[in-house]
Amino acid sequence: MSIQLQDGEKLLDMIKDMLKSATSSILLVTYKLDQDSASELLVKAASGVETVVITSDKDWARWLNNQRDSYKRDEEIKLGNELKRAQLLYVQILYFVILISVVIIGIDILLFFIIGNMIYIDLILSTIAIILIIYYGLRRRRQLLTQINLLRENFQNLTQEINQVRGKIKEKLKIIETNKELTFSVLSCDDRTIIFSAPFKLSTITNSVHIVTEISKEFLNQVINSLKN
């Protein structure tokens, strides 16, 4: 084991290269995470890489745990709401066409009783107005129907894709919370393992200098056993 002193930018490049090249397993031991690092781990687990995270950062540990059931929930809800709005508007247009047509006919009838005879120009204008309302209403409903079918298909595809990813995350991601106060991080990707003094916070790691050491699997096992004990 050779100890190296590296600035945060080089350490970040090393971490990203390790994560990118990982195809079978990732093991992370750390005391702090952030959104960038948690998202990277989630993506790797979703792609089928066995991912184990041991951390004392309970907030992000629970966030990662929750992603088993809530991965891309916001995107799913947004598209679902968009579909519901289009479906509601599709129905409302029909009610609007019927309501306006009834109102126009009602006004004509009211004028007939007030004036005593039917004004033909009013009848013609009312008929034209009703025809135009029905025409534009039906055209808008056809447009909405196309949009609804597309949204429904996208929603079904998204739901299917998300459920598959959630299944992968449930299968491949394991989170272990530790109450021990950690002062180091360990990242093991496939056959390569490093230990370093930085937290696993990819968004802020660049503005720092850290000690980095490549370690063997045997030493890694000692670290894990120490945390278990």
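Given a Förster distance of 45 angstrom, what is the FRET efficiency for residue 98 paired with residue 204, based on the Cβ-Cβ distance and rounded to 0.05?
0.15
Please compute the net charge surrounding residue 57, taking Lys and Arg as +1 and Asp and Glu as -1 over other residues with Cβ under 11 Å from its Cβ.
So the environment of residue 57 carries a net charge of +1.
Report the one residue of 109, 8, 27 whose Cα lies farthest in the direction of the positive end of the charge dipole of the stretch 1-118 (charges on C-beta: Lys and Arg +1, Asp and Glu -1; origin at the Cα centre).
Projecting each Cα onto the dipole axis, the largest value belongs to 109.
From the square roots a ≥ b ≥ c of the eigenvalues of the alpha-carbon gyration tensor of the stretch 176-220, which class results: rounded (a/c under 1.5), prolate (a/b over b/c), or oblate?
Cα axes put the stretch 176-220 in the oblate bin.
Could you check how much of the accessible area of the chain is carbon and sulfur, as a whole percent, using a 1.4 Å probe?
58 percent
Counting other C-beta atoms within 10 Å, and keeping those with at most 16, which DSSP coil GluC sites (Glu not before Pro) do you find in the stretch 178-229?
Within the stretch 178-229, the qualifying GluC sites (Glu not before Pro) (loop, at most 16 other Cβ atoms within 10 Å) are 181.
Long-range amide H contacts for residue 32: which residues qualify at under 5 Å (H placed 1.01 Å from N, peptide plane, sequence gap of 5 or more or a different chain)?
For residue 32, whose amide H was placed from the backbone, the distant partners under 5 Å are 200.
Give me the distance in nm between label points sitting 7 Å out from Cα along the Cα-to-Cβ direction at residue 58 and residue 228, one decimal.
With each label point 7 Å from Cα toward Cβ, the separation is 2.4 nm.
How many angstrom lie between the C-alpha centres of the stretch 56-116 and the stretch 149-169?
Cα centres, the stretch 56-116 to the stretch 149-169: 21 Å.
Given the DSSP H assignment, sum -39500 (n - 2.57) over each helix run of at least 4 residues in the chain and divide by its residue total; what's the result at 222 nm in deg cm²/dmol, nearest 500?
After summing the helix terms and dividing by the residues of the chain, the value is -22500 deg cm²/dmol.
Report the local net charge at residue 197: Lys and Arg +1, Asp and Glu -1, summed over other residues whose C-beta lies under 13 Å from its C-beta.
Net local charge, residue 197 excluded: +1.
Once whole DSSP H runs in the chain are found, which of them have Cα atoms spread over 30 Å or more along the helix axis and a mean Kyte-Doolittle score of at least 1.0?
Once both thresholds are applied, what remains is 73-115.
Please report the net charge: other residues with Cβ closer than 13 Å to the Cβ of residue 227, K and R +1, D and E -1.
Neighbour charge sum, excluding residue 227 itself: 0.
Identify all lysines with a Cα-Cα distance to residue 58 below 24 Å; exclude those on the same chain that are fewer than 8 residues away in sequence.
16, 32, 44, 72, 168, 170, 172, 174, 180, 201, 228
Would you calculate the separation in nanometres between label points at residue 217 and residue 3, each defined as 7 Å from the Cα along the Cα-to-beta-carbon direction?
The modelled label-to-label distance comes out at 2.7 nm.
The values are calculated or read from the model by the stated rules, or taken from the named source; none is laboratory data. This structure is a prediction, so every number in the text was calculated from the model and none was measured. Note that each Cβ is placed from the backbone with ideal geometry, even for glycine, and that neighbours are counted across all protein chains shown. Heavy atoms of the whole protein, side chains included, go into the accessibility calculation; ligands, DNA and RNA do not. Shrake-Rupley method; radii C 1.70, N 1.55, O 1.52, S 1.80 Å.
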